[in-house]
Amino acid sequence: MLYLGIDQHARQITISLRDEGGDVVQARQVSTQPEKIHAFFQCLTRERLHDGESFVAVLEVCGFNDWLIRMLRDYRCHKVILIQPEDRKQRKTDRRDAAALSELLWVNRDRLLQCKPVRGLRQVDIASSTDQENRRLTTLRKEAGQARTRLVNQVRHLLRRHNLQWQMPTKRLPTQAAIAWLKQVALPECDRLERGPRPRRPRAGSATPEGAGGRDCPTRRG
């Protein structure tokens, strides 16, 4: 069994590989360009892993671990251990971080392989692909709801600024009738930009809907 510590960044990873005795047998940086990182792991499995041997990898949580975790599993990685980063030291380098990770993995290898807790080390459960998709959908739904609420409040404020709320056909937003009415409301150019994207310019000879030209002041009906 080999023990691989990985310090991951967007453009490169820094690795520290230890053998069963805890000695560093390889330490280098690898570009995250697909062809280069695939070539590295192909070389690792071909030259370092013999007779069905595998390796264990440890890396710290960041915003783009997913693709690397999937790749590690494709190259005979027995187990991927994801941990929360510890307090940053003043004299920090990628090589030192990778070496510290591989040492941490080798020293605590028995407990980590048995999924037991290690004092002072916060392990992170790696979610399945289905769980990740569900979490992402939940986040997107929450963000869409927040954006909708911001837009509705923005429109309400805009109408109150020009005292146009009395002309709205319904009391609540958004309804189909209210949206259809909003499309016809004439507003100054600045307010039209605040309300949203400008409507497409009508073709030559076609009728221009009310408000499409951007008048200087809002009109009140009745």
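Can you give the extra length, in nm with one decimal, that the chain gains between TRP166 and ARG111 once fully stretched, where that is 0.36 nm per residue apart less the Cα-Cα distance?
12.9 nm
Given 0.36 nm per residue, what is the gain on full extension from GLN33 to ASP94 after removing their alpha carbon distance, in nm?
Values: separation 61, 0.36 × 61 = 21.96 nm, distance 1.80 nm.
20.2 nm is the gain from fully extending GLN33 to ASP94.
Mind checking the stretch 20-63 for GluC sites (Glu not before Pro) that DSSP puts in a loop (not H, G, I, E or B) and that have at most 13 other Cβ atoms within 10 Å? Numbers along the way, then the final one.
Values: sites: GLU20, GLU35, GLU47, GLU53, GLU60; in loops: GLU20, GLU53.
Within the stretch 20-63, the qualifying GluC sites (Glu not before Pro) (loop, at most 13 other Cβ atoms within 10 Å) are GLU20, GLU53.
Arrange the following residues from fewest to most other Cβ atoms within 10 Å of their Cβ: LYS183, LYS79.
Details: LYS183 12, LYS79 17.
Listed from fewest to most nearby Cβ atoms, that is LYS183, LYS79.
Say each of LEU49 and ALA147 gets a label point 7 Å from the Cα, pointing the same way as Cα to Cβ; how far apart are those two points in nm?
4.1 nm
Could I have the simple spin-label model distance between GLN184 and HIS78, label points 7 Å from Cα toward Cβ, reported in nm to one decimal?
Inter-label distance under the simple model: 7.4 nm.
Treating only the Cβ atoms of Lys and Arg (+1) and Asp and Glu (-1) as charged, compute the dipole magnitude of the stretch 2-126 about its Cα centre; round to the nearest 20 debye.
Rounded to the nearest 20 debye, it is 300 debye.
Straight-line reach from LYS171: which lysines fall under 19 Å, measuring Cα to Cα and dropping same-chain residues less than 8 apart?
Output for LYS171: LYS183.
Taking the beta-carbon count within 10 Å as an exposure proxy, list VAL155, VAL124, VAL58 from fewest neighbours to most.
Ordered by Cβ neighbours within 10 Å, fewest first: VAL124, VAL155, VAL58.
With 10 angstrom as the radius, rank THR175, THR45 by how many other C-beta atoms surround their C-beta, starting from the fewest.
Exposure proxy ranking, most exposed first: THR175, THR45.
No lab work stands behind these numbers, since they all come straight from the coordinates. Quantities reported herein were computed from a predicted structural model and do not represent experimental measurements. Methodologically, a virtual Cβ is constructed for each residue, glycine included, from the backbone with ideal geometry; neighbour enumeration extends over all protein chains shown.
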